[in-house]
Amino acid sequence: MSERSGLPYDLEAERALLGGLMLAYELDPEQIRHLEPDDFFAADNREIFRVIAEAIESGVDSIPSLAVVDRLRQSGALQAAGGAENVDRIVEEQMVPKAGIEEAADVVRRLSQLRQLITTAREIIETAQDKSVDLDSAVERAENAVLAIRERRSGENPMRSMVTISKNLAERMAKGDWGTDRGLRTGFERLDHQLGGFCPGHVIILAARPGGGKTSLALTMAARSAALNQCGVAFFSLEMPGEELVERLLASLARLNMHGLKREPPLPNKDPEQYYRVMSQLSDALAQLDQCTLEVDDSPGISLADLRQRVRRYKRNLAKEHPDRPLGLIVIDYLQLMKAPNLGSGANREQQVAYISKGLKALAKEEELCVLALAQLNRGVEKEGALSDDGKTKKKREPVLSDLRESGSIEQDADAVLAVHHPDDDDDEADANRAPGDPNNAVLLLLKNRHGPRKRIKMNFFRPWTLFTEQVDPETSPEAPVVH
């Protein structure tokens, strides 16, 4: 390997590859499928490879040196290729057997990617030296540039034949696999039935007003997804410390009123029966949680670039530590708290949120996982509504898609939008007469479902335990369609 201007190259490997291709009796397009003319360091070698690649693409079985010279002459590139003498000299010097073509191609491609990496690194340094540059934007551009090199290195062709895909689907269907188990199970059966689970590549929005229980519901979904599907789950909490999240999760798993226990902690010498009961419930909850591969990141104000980097890092670590538990779900609590890059002086918050929303969809597809993003609803849900039976107060109306705060393209990018509604919040009499273990009525509205009908699923919300469950009686909890 030689170096000039700090860039690695190997002219012998380049000429060996070209000579081998011109000497081959039967060319195999797969041998150069991942190569482009710009992968060659020397300008003359680039021109020669260009006409060879064009000939192979046209379907010829062989391309001897005479044919290469003729094509170079017709395209006006013979001089740039070093003339006919240079082409003949390559063939004479490089009597490489066909088996050596792939080896030479690998060397040329690897050194080309090293040069790209060096060039990219220099551009990153140059950008970073500009004191006025937006840091998040610079980091994201750098990450995308390096990712492009990595993706090309993988050698995967993103184009797939629809005929091949349809045949694979037909084979699966013939075996009884209709794709119903493709998504992660959340443990909420009616929701899983409507969505087909939390599918890779999908973005699910879970919306509610502050205090509406969206974090508690998302925690339950995260823990159940990790346990039921034996997969990794990452929970990004931009609002609440990790300790508070775990406290809520333990409260729901153990069915304990943490607020009440904090006010009057159980003591073994004061009420041993209560103390040992609480400890037993906590022990059972911890045992359940121990079965989950669930990580929390409570860094505030992370950007899309930060999120992408951390997801990929966690995915790599998970593959090493738990190869049988791939990362299947990430949860973001909540979307509007994410930091957006500088989109220019004319950009408003809605445009910034739209940028984040599109980025989450891209991340879900790139990493083949599901994104559950929590979102705030506008205050209009609380202010508007029909009069109650007494004709004096207004009941909160059910949310609609347009109630998403800074909705922008959130509803457009999402595969499904869920909203939590609490019809009992307006009924003070019902609250006063409710026993400690009785739930509030809640409704999980499926406001958008790209792959199925919109539904409303009746839920129980045990507020002291921060726990949601589906109502199990089909007579009292019909899955009525959402109508607005």
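Where a number appears in this text, it was derived from the coordinates with a stated rule and is not lab data. Here the structure is a predicted model, which is why all the values come from computation and not from measurement. Because the Cβ atoms are built from the backbone with ideal geometry, glycine has one as well, and the counts that use them run over all protein chains shown.
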Histogram of C-alpha separations across the stretch 184-238, 5 Å bin width, %: 4, 18, 28, 30, 15, 6, 0
Please arrange Val246, Val233, Val296 by how many other C-beta atoms lie within 10 Å of their C-beta, fewest to most. Val246, Val296, Val233
Sorted by chain and number, the residues with a modelled amide H under 5 Å from that of Glu368, at a separation of 5 or more or across chains, are Gly201
Residues meeting the amide H criterion for Ile332 (H placed from the backbone, H to H distance under 5 Å, 5 or more places apart or on another chain) are Phe236, Leu372, Ala373, Leu374
Excluding Ala128 itself, what net charge comes from residues whose Cβ is under 14 Å from its Cβ, given Lys and Arg +1 and Asp and Glu -1? -4
Taking amide hydrogens as modeled 1.01 Å from N in the peptide plane, which residues meet the under 5 Å criterion relative to Leu327, leaving out close sequence neighbours? Gly232
If you plug each phi of the stretch 359-373 into the Karplus form 6.51 cos²θ - 1.76 cosθ + 1.60 with θ = phi - 60°, what whole-Hz ³J(HN,Hα) values come out, in order, with x for Gly and Pro? x, 5, 5, 4, 4, 4, 6, 4, 9, 6, 9, 9, 10, 9, 10
On full extension of the chain, what length is gained from Leu169 through Asp298, given 0.36 nm per residue of separation minus the C-alpha to C-alpha distance? 42.4 nm
